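A short write-up of the structure that comes next.
The values are calculated or read from the model by the stated rules, or taken from the named source; none is laboratory data. On a predicted model such as this, the values are computed, not experimentally measured, just so you know. Cβ placement follows ideal geometry from the backbone for every residue including glycine, while neighbour counts extend to all protein chains displayed. Quick note on the areas: whole protein, heavy atoms, side chains included, nothing else; ligands and nucleic acids left out. Shrake-Rupley method; radii C 1.70, N 1.55, O 1.52, S 1.80 Å.
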Amino acid sequence: MNILQTFALVALLCAGATPLAARPLDAVRKDGTLLLATEGQYAPFNYFKDQQLAGFEVEVAELVARKMGLRPQWKALGFDALLTGLQQDRWDVAIASHAITDERAKAVTFTAPHYCSGGTVVSMNPALRSARDLAGKLIAVQTGTTYAAEVRRLPGVKSVKNFPSDSDARSALASRRVDAMVTDRFVAKELLRKSPNAGFHIGDRVTTERIAAAVKLGNTALADAWSQALQAVMDDGSYAQVSQKYFQEDIRCP
Ligand code: ARG
């Protein structure tokens, strides 16, 4: 073996020893099952209905998995465990309304977005509705969300109170332990639809987000296969049907 061949062999062995992801696309395909993780506390996107996972992104994820020729299999966990679990190879895809951000993109690989939305102010006081109105106020957010990071950056916000789930933040608001909360605008709409007499007011949209599924950092083959299958369900009318069912409109990104 000459020096070049030796070098090529060493390079090959090194590449084999450091795979970019533990479950590359061919391993997932061979297995036939796509392991999906979500939270299950974020209606109407992912929640439990009669002890079954339900919601817009649960249904979209299942359409995408089937388009890929895979059987979807779910796990439900706390929101802040979902992205770190990808790094530990505990599931293949996390899908729980994660906005694509530069910071998250350092830790995971995002697929194409499955919807666009934004953070919205919700309060018990109709006069408290814009980002400016939040100055001097106590604001509730869910831990680990983009809203938690963004509210902290707003000028003059008195303090930000973190809650493990969005519904915990909502309870704090309902019992007036905080002045307002920031959550997804469709989550806020659903809240108002479900509890029209609870006194919640929906204020302004304060952020814009592209929401996507995530895979382990570097697993671009899986991310690309997901994005292609997502495009196919967007093209064949099945995405639109699910979106109409939950929102009476199509919420795909423009
Ligand atoms: N869109 C926000 C974010 O990217 C909130 C997502 C919250 N998701 C959930 N399943 N609770 O952080």
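Selection among ALA221, PHE200, SER238 by position relative to the dipole of region 95-254 gives PHE200 as farthest towards the positive end (Cβ unit charges, Cα centre).
Across all C-alpha atoms in the chain, the radius of gyration and Dmax reach 20.6, 80 Å. Is any residue of region 43-62 close enough, with backbone N under 13 Å, to a label point placed 7 angstrom from the Cα of LYS194 along the Cα-Cβ axis, and if so, which? What the label zone holds, given the 13 Å backbone N cut-off, is 43-51, 54-56. From its DSSP helices (H runs of at least four residues, each -39,500 (n - 2.57)), the chain gives a residue-normalised ellipticity at 222 nm of -11000 deg cm²/dmol.
Length gained on full extension, THR101 to ALA221: 41.2 nm, using 0.36 nm per residue less the C-alpha separation. Computed about its Cα centre, the charge dipole of the chain is approximately 620 debye, with only Lys, Arg, Asp and Glu carrying charge at their Cβ.
Taking each full run of DSSP H in the chain as one helix, which ones are at least 20 Å long along their axis (Cα atoms) and have mean Kyte-Doolittle hydropathy of at least 0.5? The partial results should precede the final answer.
Working: long enough: 3-17 (21 Å, 2.12); 220-235 (22 Å, 0.39).
Membrane-span-like by this rule: 3-17.
Between region 215-235 and region 68-105, the C-alpha centres lie 13 angstrom from each other. Across region 28-36, rounded Karplus estimates of 3J(HN,Hα) from the backbone phi angles (6.51 cos²θ - 1.76 cosθ + 1.60, θ = phi - 60°) give 5, 4, 4, 6, x, 10, 10, 7, 10 Hz, Gly and Pro being marked x.
In region 127-254, the portion of solvent-accessible area held by carbon and sulfur atoms comes to 49 percent [1.4 Å probe, whole percent, DNA, RNA and ligands not counted]. In the context of the full set of protein chains, the chain has a per residue accessible area of 49 Å² (1.4 Å probe).
In summary, the aspartates and glutamates within cross-link reach of LYS216, defined as a Cα separation below 14 angstrom excluding same-chain residues under 8 places away, comprise ASP89, ASP92, ASP224.
Could you tell me what percent of the DSSP beta bridges with both partners in the chain are antiparallel, to the nearest 5? Each step should come with its number before you reach the end.
On the way: 23 of 38 bridges.
Antiparallel bridges: around 60 percent, rounded to the nearest 5.
Under 5 Å from the amide H of PHE163 lie the amide H atoms of VAL141, GLN142, THR143, each residue being 5 or more positions distant or on a separate chain, with H modelled from the backbone and absent for Pro and chain starts.
Across region 159-165, coupling constants 3J(HN,Hα) worked out from phi with the 6.51/-1.76/1.60 Karplus curve, θ = phi - 60°, read 7, 10, 9, 8, 10, x, 9 Hz, and Gly and Pro carry x. Between amide H atoms placed 1.01 Å from N, distances below 5 Å from HIS114 occur with ILE211, ALA212, ALA213, all of them 5 or more places distant or on a separate chain. Ordering LEU77, LEU192 by accessible surface, largest first, gives LEU192, LEU77; the 1.4 Å probe counts only protein heavy atoms, with every chain in place.
Find the relative contact order for the chain and round it to a whole percent, using C-alpha pairs within less than 8 Å whose residues are 6+ positions apart. Normalised by residue count, the contact order of the chain is 27 percent.
Taking 0.36 nm per residue of sequence separation and removing the Cα-Cα distance, the ASN162/THR208 pair yields an extension gain of 14.5 nm.
Phi angles of region 73-81 translate, via the Karplus equation with coefficients 6.51, -1.76, 1.60 and θ = phi - 60°, into HN-Hα couplings of 10, 9, 10, 10, 9, x, 3, 6, 8 Hz per residue; Gly and Pro are given as x. In plain terms, the C-alpha convex hull of region 121-160 casts an average shadow of 2.6 nm² when viewed from every direction.
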